[in-house]
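What follows is calculated from the coordinates using simple rules that are stated; it is not laboratory data. This one's a predicted model, so the numbers in the text were calculated from it and none came from an experiment. Counting neighbours? That spans all protein chains shown, and the Cβs are built from the backbone with ideal geometry, glycine included.
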Amino acid sequence: ADDVSNEQLQASFDKILETSQDKLSKFYYDKENWAVNYFVTLQERVESLRASVPAEPGSPSSLSSSSDAEVVTTSSPTGIADDLQFRLEKLSKTDAAGEAAQLKEAYRQMGASKHFQDYIYAKKSLVTFKREVDLLLEFLEINTTAFSKILKKFDKQTGSSIREERLAQIMQNNPFLKREKLLEMKETVEDLIEEVNS
């Protein structure tokens, strides 16, 4: 009678394990599909940011008044740092009374520029996406650990030793648990964030 109950227990456990793998797989592939599609959108936003870089910091397209403009010799890929450096240099030349109004106008102009709007949009999108990828990576790690612990507990309660074999099967049947594709995507997004911030 003990052998039959262990066989029934094994069959029941296998069914639960298979159902859990199916649910995890469906959830992951839905998220991966979303991530791959959204990643293309993010790359388009960064490309739009690259395309909207002003010709040079302090040019008439980036500032309304450029009569006393000094060209900054170093440039960043996005142009944000250059433009801000130029504006700060210009502000340092003004007197204290006009400084607040000048600063307010500089912020207003910067906020209205297409380049600055593209920058904010790209940066927020990239940071949010990275956070989503981090959560999905953590989710996969937790589930891998959970499978291992569940199998260990099953072995302990039934006196069997299926943990290593089944865990290897689970990893083989669900290659996404190795997280390689997501880790690669995360690295690319981190590179894009660094580019946008420079």
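Return the long-range amide H neighbours of residue 52 (sequence gap of 5 or more, or a different chain), with a cut-off of under 5 Å between placed amide H atoms.
none
Report the gain in length on full extension from residue 44 to residue 172: 0.36 nm times residue separation, minus Cα-Cα distance, nm rounded to one decimal.
Stretched fully, the residue 44-residue 172 segment lengthens by 42.6 nm.
Can you tally the net charge around residue 149? Count Lys and Arg as +1, Asp and Glu as -1, for every other residue whose Cβ sits under 12 Å from the Cβ of residue 149.
Details: positive: 152, 153, 156, 163; negative: 155.
Neighbour charge sum, excluding residue 149 itself: +3.
Which entries of 15/149; 153/178; 123/149 have Cα-Cα distances beyond 28 Å here?
123/149
Grab the Cα-Cα distance for residue 188 and residue 114, subtract it from 0.36 nm times how many residues apart they are, and report the gain in nm with one decimal.
Length difference between fully extended and current span is 24.2 nm.
Note down the nm distance, to one decimal, between modelled labels 7 Å out along Cα→Cβ at residue 152 and at residue 26.
Distance between label points: 3.0 nm.
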